[in-house]
Structure formats: structure tokens, C-alpha cells
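S.K.: Okay, handing you the structure first.
The values are calculated or read from the model by the stated rules, or taken from the named source; none is laboratory data. Since the structure is predicted, the reported quantities are computational estimates derived from the model, not experimental observations. Positions of Cβ are backbone-derived with ideal geometry, glycine not excepted, and every protein chain shown enters the neighbour counts. When the accessible area is computed, the model is the full protein with side chains, heavy atoms only, and any ligands, DNA or RNA have been set aside. Shrake-Rupley method; radii C 1.70, N 1.55, O 1.52, S 1.80 Å.
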Amino acid sequence: MAYNLKMRLLSRSLTLLLYLAPAFAQPLVLQTSTILDGKGGVLRNQQIVIQGARIETIDTGHRSPTYDLRGLTVMPGWIDTHVHLTWHFDANHKLVNRGEKPESSALFTAENAWITLQGGFTTVQSVGAAMDGEVRDRINEGSLPGPRILTSLRQINDKSGTPDELRALVRKTKEEHADVIKLFATAGMGTGGAQTMSDEQIQATCGEAKAVGLRSVVHAISSAGAKASVLAGCTSIEHGDFLDDATLKLIAERGAFFDPNFLVLHNYLDNRPSFNFPEASFTSLEKAIEPTADVLRRARALNVKIVFGTDAVAGAHGRNAEEFIYRVRDAHDPPMQTLVSATSLAAEALGLGDRIGTVAPGFEADLVATDGNPLEDITAVRRVVFVMKGGKVYRNTRR
């Protein structure tokens, strides 16, 4: 009896010690010279003290640093609100995005997640395939390294059913633990981008998403589909290459987010032999670059909440940061605003604005450091030397 009592007490003591262990862990101290805080502010010569997964303090302390990041530019971990993690090329550099064995899909998806994290992106929204959920869950439980993943698990379009069937599909998607609903309100760029889902289908999808507590992001190339989606309460318009000012004003008035994408256009054009597209589609993609730059400029002038997404498909994973360069170079977007689009504003768009996207006490210790300051030279985003997610270092290549 006494032995059993001692064993129970020992077991309880060990459990208590394991529970309290994080509180006794030594904090990490990052010595910095330049911090871009994700909200438009610049901090100089600060120490970031990290306890567990979160930032504890930021001040001019004098602790011995765990990591000396002086001379680098430290920012919140970048956020890409639109990727497709399952898309990849085969051994012959040809597109594979469906019809393969699940184990192969899982490996490529995990690989794409890893190289995306190495590129400085600590959170992505993948919209979407069922495999995204499997990889997301493995990352969340610590079995795989990768960025924080939010996913729609599937895509909804005009062929997905009647309004009642679409409401049921949204509920099913929610039950399967999706983080967001993705719908195609219009056709793709290569086929003109006209509205394809009816107003009633869009209203049913976005209305039900709101009812079950999910956001809804919408593929919408042209104004008709985007307008119908915003009026239906959808939360973000993706692409929007040919939106008119009236639609942009509506997006701003309704507080929706807008996600124009450059990388996807350049990636398709840079990898023409890998994608089995008709030549007319490539012509459409080429012609869309300037309208995309123009719509971003007009949206900025109309105070639309512009977030950072790349629509990264095969060939683009790990190169997500090129989107920064295209936006600054082609659309003349101010570097600071482009960086805010990929940090605090992107976090807000994902419903995580109180948790990630900002370098401040209480926020997740998601950090990226570059060799060079993107405010002075936007190509510095290509030179990622330090990546931390949730207080854990995943890249540190400074010499």
C-alpha cells in the first residue's frame, strides 16, 4: 500500500514538473539593430526576449544574446494568403496536381511546405486540397516542420450544386475541419474571367460560410463576380485583375480584403514547357501583368485593404518572396505597405491579427531576418538568413 502511494505521489510530481517545465525554460534573446514591426513602425537597437512560443519583451536590455541579428533586418514571419501546396512538377519538370498516389502527394506537399518556411513564410493559406489538412495537422502536432497552414480542403464552383446543396457542402467542409471556404465566382484568366457562379450560388456559399463561422475567399477575375461576392458577404477577393473602380470602392466600403497576385502570372510564363496550356492562355497571362499592376495602384488609392498572396503553384513554392519584388517594381507599391500587406494586414485577413503578423509582446515569435533592408532594396527579401516560427529556429545561415 505504502509503495503504491509513493508511486502515485512520484507520478504526480513528475506530471507537475513536466507541466511547469516551459515556465523554467531559459528565454531566447535576439539582439537586433533594425526591426520592422509589421504595422509600419521601425525599431532600433532592441532585444527581443522570447519565452516559449511567444515574444515576452522588446526593449534595450543588456542580456547576453542567444542570437545576434545585428546588421540584419528583422520582421514578422511573412504570410502568404493564397498558395496551392499540393501542386508540383514531376521528374520531367511537368505539372502534376492530381491523379497521383496519396503518399506521393503527401511527400510533395510536405516538401513544398518546408521550402516555403525556409523562404521566410511562417503562415500560408492553401486553397485548397484535402491533402493540405493532413500536412497541416502533422505540422501542428510537431511531426513535420513547416509553416502554419490554413486550408479550404476543397474548391467550390458553379458545378458544385444548387444553393441548398452548396449550403450543405459548406457545412460538410466545416465538419471536416476546414479553416476557410474557397469558391470560384468567375472563370480563369485564360478563358476571359467572366462570372460563372450565379448570384444565388454565391449568396448561398458565402452566407452559409458566415453562418458557420468561416471566412470565404473568392477567385474573381472581373467585376461582376467580385461585386456579387462582396454583396454576398464574402471576405476576400482573389486576383481581381480587371476590377473597375466602382467594385474596388465597394470592397473598401464593405471592409473586404483584396489579394492581387503577380507571382502566379510570371511563374506560368517562366515555366511554359511545364504547363500544358494552349498558347492563347499564355498570351492572356502576359497581357494581365499590367492590368494587375494598375488595379493594385487604384485599390491602394481607394484605401482597399490589400493583402499579400502569390497563388503559388508548381515552380513557385519557396520563391513566394518574389511577389514583394513584382509589387514594388511593377506596381510601384511602397515597400513598407507591401511588407505590411504580408504581415499584420494578412494576419487580420486570416482572423489571426491578435496572434501573428506583428513584432510585439504577446505575439507568436514568428520572425524572419534578411541580409539587407527591403525598405531600401526590395530584393533583400531574397536573402533570408534567419527564420523562427513559434519560438523555434528553422533557419540560421548567417556566417
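S.K.: Given the conditions (1) closer than 23 Å to L250 by Cα; (2) open to solvent by 20 Å² or more (accessible area, probe 1.4 Å); (3) within 18 Å of the chain's Cα centre (by Cα), report the number of the one that R298 does not fulfil.
M.R.: That leaves (3) as the condition not met.
S.K.: Additional query: So E176 ticks every box in (1) within 29 Å of S284 (Cα to Cα); (2) of a type in the set (D, E, K, R); (3) within 22 Å of the chain's Cα centre (by Cα); (4) surrounded by fewer than 18 Cβ atoms within 10 Å (Cβ to Cβ) but one. Which box is left unticked?
M.R.: (1)
Quick grid of which residues meet (1) of a type in the set (G, A, S); (2) closer than 19 Å to V83 by Cα; (3) touching a Lys or Arg at 6+ places or on another chain (Cβ under 7 Å):
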{"site": "E279", "(1), (2), (3)": "no, no, no"}
{"site": "F282", "(1), (2), (3)": "no, no, yes"}
{"site": "E290", "(1), (2), (3)": "no, no, no"}
{"site": "D294", "(1), (2), (3)": "no, no, no"}
{"site": "R300", "(1), (2), (3)": "no, no, no"}
{"site": "V313", "(1), (2), (3)": "no, yes, no"}
{"site": "A316", "(1), (2), (3)": "yes, yes, no"}
{"site": "L345", "(1), (2), (3)": "no, yes, yes"}
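S.K.: Just to confirm my filter: which helices (runs of 4 or more DSSP H) fall fully inside segment 68-176 and include at least 1 residues that are under 21 Å from H219 (Cβ atoms) and of a type in the set (D, E)?
M.R.: Numbers: elements: 102-118, 130-140, 163-175.
Qualifying helices (runs of 4 or more DSSP H): 130-140, 163-175.
S.K.: Can T122 be described as in contact with a Leu (Cβ under 6 Å, 6 or more places away or on another chain), closer than 23 Å to A347 by Cα and of a type in the set (S, T, N, Q)?
M.R.: Values: in contact with a Leu (Cβ under 6 Å, 6 or more places away or on another chain): no; closer than 23 Å to A347 by Cα: yes; of a type in the set (S, T, N, Q): yes.
No; evaluated as a whole, the condition is false for this residue.
S.K.: Hey, among T186, T151, which residue is within 25 Å of A347 (Cβ to Cβ), open to solvent by less than 50 Å² (accessible area, probe 1.4 Å) and either at pLDDT below 95 or hydroxyl-bearing (S, T, Y) (or both)? Walk me through how you get there before you give the answer.
M.R.: On the way: T186 fails: within 25 Å of A347 (Cβ to Cβ).
Of T186, T151, the one residue that is within 25 Å of A347 (Cβ to Cβ), open to solvent by less than 50 Å² (accessible area, probe 1.4 Å) and either at pLDDT below 95 or hydroxyl-bearing (S, T, Y) (or both) is T151.
S.K.: Can you confirm whether segment 197-207 contains a residue that is touching a Gly at 6+ places or on another chain (Cβ under 9 Å), modelled with pLDDT of 95 or more, open to solvent by 10 Å² or more (accessible area, probe 1.4 Å) and hydrophobic (A, V, I, L, M, F, W, C)?
M.R.: no
S.K.: Can you tell me which residues in segment 45-60 are more than 24 Å from the chain's Cα centre (by Cα), more than 11 Å from L30 (Cβ to Cβ) and part of a loop (DSSP other than H, G, I, E, B)?
M.R.: Those that are more than 24 Å from the chain's Cα centre (by Cα), more than 11 Å from L30 (Cβ to Cβ) and part of a loop (DSSP other than H, G, I, E, B): N45, T60.
S.K.: Sticking with this one: Under 8 Å between Cβ atoms, at least 6 apart or on separate chains: pull out the pairs that start in segment 71-92 with a residue that is without any contact (Cβ under 8 Å) to a residue 12 or more places away in the chain and end on any residue that is part of a loop (DSSP other than H, G, I, E, B).
M.R.: If the second residue must be part of a loop (DSSP other than H, G, I, E, B), no pairs are left.
S.K.: Just checking, which of I306, I378, I356 is surrounded by 21 or more Cβ atoms within 10 Å (Cβ to Cβ), under 12 Å from the mean Cα position of the chain (by Cα) and of a type in the set (A, V, I, L, M, F, W, C)?
M.R.: Result of the check over I306, I378, I356: I356.
S.K.: Out of all the residues in segment 198-215, which are touching a strand residue (DSSP E or B) at 6+ places or on another chain (Cβ under 7 Å) and either of a type in the set (G, A, S) or not in a helix (DSSP H, G or I) (or both)?
M.R.: Across segment 198-215, the qualifying residues are A209, L214, R215.
S.K.: Could you check segment 234-280 and list, in sequence order, the residues that are at pLDDT below 95, touching a strand residue (DSSP E or B) at 6+ places or on another chain (Cβ under 8 Å) and charged (D, E, K, R)?
M.R.: Of everything in segment 234-280, nothing turns out to be at pLDDT below 95, touching a strand residue (DSSP E or B) at 6+ places or on another chain (Cβ under 8 Å) and charged (D, E, K, R).
S.K.: A further question follows. Is there any pair linking a residue in segment 366-393 that is without any contact (Cβ under 8 Å) to a residue 40 or more places away in the chain to one that is among the polar types (S, T, N, Q), with Cβ under 7 Å and at least six apart or on different chains, and which?
M.R.: R383/T370
S.K.: I would also like to ask the following. Residue under question is L85, and the condition is that it be of a type in the set (A, V, I, L, M, F, W, C), in contact with a strand residue (DSSP E or B) (Cβ under 6 Å, 6 or more places away or on another chain) and at pLDDT 95 or above; does it hold?
M.R.: So L85 passes the test.
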